[in-house]
Structures are given as C-alpha cells and as structure tokens.
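Only one structure is covered here, and it is reproduced in the block below.
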Amino acid sequence: MNFFAHDTAIIDQNCEIGAGTKIWHFSHIMTGCYIGESCNIGQNVVISPEVKLGRNVKIQNNVSVYTGVICEDDVFLGPSMVFTNVINPRSHVNRKNEYAETIVRKGASIGANATVVCGNEIGEYALIGAGAVITKEVKPYALVVGNPAHQIGWVSENGHKLHFDNSGKAICPETGQEYLLQQELVKRIK
C-alpha cells in the first residue's frame, strides 16, 4: 500500500487510491471509487460507489460523498457538509437510476455544514460559506453564502475577497495574482 488507512477504516474491493492519501478513523470507501494522490479523508467519512476524487482533495470529518459526485483536484469539503444525489427522494421509490451528477471544480471550497443540492456545478476556486444551501450553479471564483445561497462577491485562488477597480481588475493581497471581471465572470490574468 502506498497510502495510509487507519485500522478502523473500511476499504471495499475495486478501489483505486493514490499515493500519499490518508484515510482516517471509521471511514468507509465503497467499491469502484477513484481517489487521487495526496488526499486526506477525515474521520467518519463515507465515499459511495463510483465516486471520483482528484488529487489533493481534503474531506473533513462527518461527510458523505454520494454516487454522482465528482471532485476535481484541490477541492476542500468542510466538516459535516452535505451532498445529495436524488432531487426528489422517497423511501418507497427506488431512484438509484436517477442519481444527478454534481461536479466540484478544481480548487473550490465548501464550508462546514453547507448543503449542495444535486445536479449543480461548483465553479473553479469558488468559496461556499458555512451553512450555505446550494440550489443552483456557482460561478468560478464566486463567494456565496446563505439559504438559499446567493453570491456576495468574488475570491482569489487563495480565498481572499477580491475588490475590482473601474477597469475590472483586482489583485490578490496574498499572492499578487491579477484577476479580471468581465460580463459577470472572473478569470485570472497573471
């Protein structure tokens, strides 16, 4: 094994787990999962069948990542955040063939106790505030909070709020990276 799994972790057959990944206490990795290199899977985490996690994904304690969820590289999932995978669940109706895909793009962070309703995409480097409820697509670099979640600004790749000048440019105070806001979309320009 080129990854670490605590003695209490359960890893089902047919999983691919990348080098340097750590899986902590009482977590369950179900069959057919792909987990990239250098991930950290906290305590009491369930990764459902066929889930795909990119490289360097950090999942805090008490998170269930359900079938249909894809997390790209460098995603952060805060403590006790929630994914769903069926839009209209009913105990007496089997909807396993109706799982909706949810994609969390590279570098995005989802805060503690947030909920992501299935079928939505979280854009690159977006920052979802603690307790937010995501009911629609989130743009790249967007800062969203509340229930239902609404956008209150933009953030840099390092998670700092961006302040745009009259020409639509902003600079990350930590890295000096430059960003451009055009037609309600942000992109990094340097």
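State yes or no: is E98 at pLDDT below 95, more than 20 Å from V138 (Cα to Cα) and surrounded by fewer than 16 Cβ atoms within 10 Å (Cβ to Cβ)? Yes; evaluated as a whole, the condition is true for this residue. For the stretch 111-132, the set of residues classified as closer than 15 Å to P79 by Cα, of a type outside the set (S, T, N, Q) and part of a loop (DSSP other than H, G, I, E, B) consists of G111, A112, A114, G129, A130, G131, A132, listed by residue number. Being under 24 Å from G119 (Cα atoms), touching a Pro at 6+ places or on another chain (Cβ under 9 Å), part of a loop (DSSP other than H, G, I, E, B) and without any contact (Cβ under 8 Å) to a residue 24 or more places away in the chain is a description that does not apply to T67.
Being in a loop (DSSP other than H, G, I, E, B) and of a type in the set (D, E) is the filter; apply it to the stretch 152-179 and report the residue that is nearest to V75 (Cα to Cα). Within the stretch 152-179, the match that is nearest to V75 (Cα to Cα) is E157.
Output yes when any residue across the stretch 158-171 is without any contact (Cβ under 8 Å) to a residue 40 or more places away in the chain and within 17 Å of the chain's Cα centre (by Cα), and no when none is.
Keep residues of the stretch 158-171 that are without any contact (Cβ under 8 Å) to a residue 40 or more places away in the chain, which gives 158, 160-171.
Going one step further and asking which of them are within 17 Å of the chain's Cα centre (by Cα), we end up with 158.
Yes; the residues of the stretch 158-171 include at least one that is without any contact (Cβ under 8 Å) to a residue 40 or more places away in the chain and within 17 Å of the chain's Cα centre (by Cα).
Return yes when N147 is out of contact with any Cys (no Cβ under 9 Å at 6 or more places or on another chain) and loosely packed, with under 14 Cβ neighbours inside 10 Å and no when it is not. Yes: the conditions hold for N147.
Here is a yes/no grid of residues against (1) among the small types (G, A, S); (2) surrounded by fewer than 18 Cβ atoms within 10 Å (Cβ to Cβ); (3) in a loop (DSSP other than H, G, I, E, B):
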site: Q13; (1), (2), (3): no, yes, yes
site: A19; (1), (2), (3): yes, yes, yes
site: H25; (1), (2), (3): no, yes, yes
site: T31; (1), (2), (3): no, yes, yes
site: E37; (1), (2), (3): no, yes, yes
site: P49; (1), (2), (3): no, yes, yes
site: N56; (1), (2), (3): no, no, yes
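The values are calculated or read from the model by the stated rules, or taken from the named source; none is laboratory data. Only a predicted model underlies this, so the values are computations on that prediction, with no experimental measurement involved. Don't worry about glycine lacking a Cβ; one is built from the backbone with ideal geometry, like all the others, and counts go over all protein chains shown.
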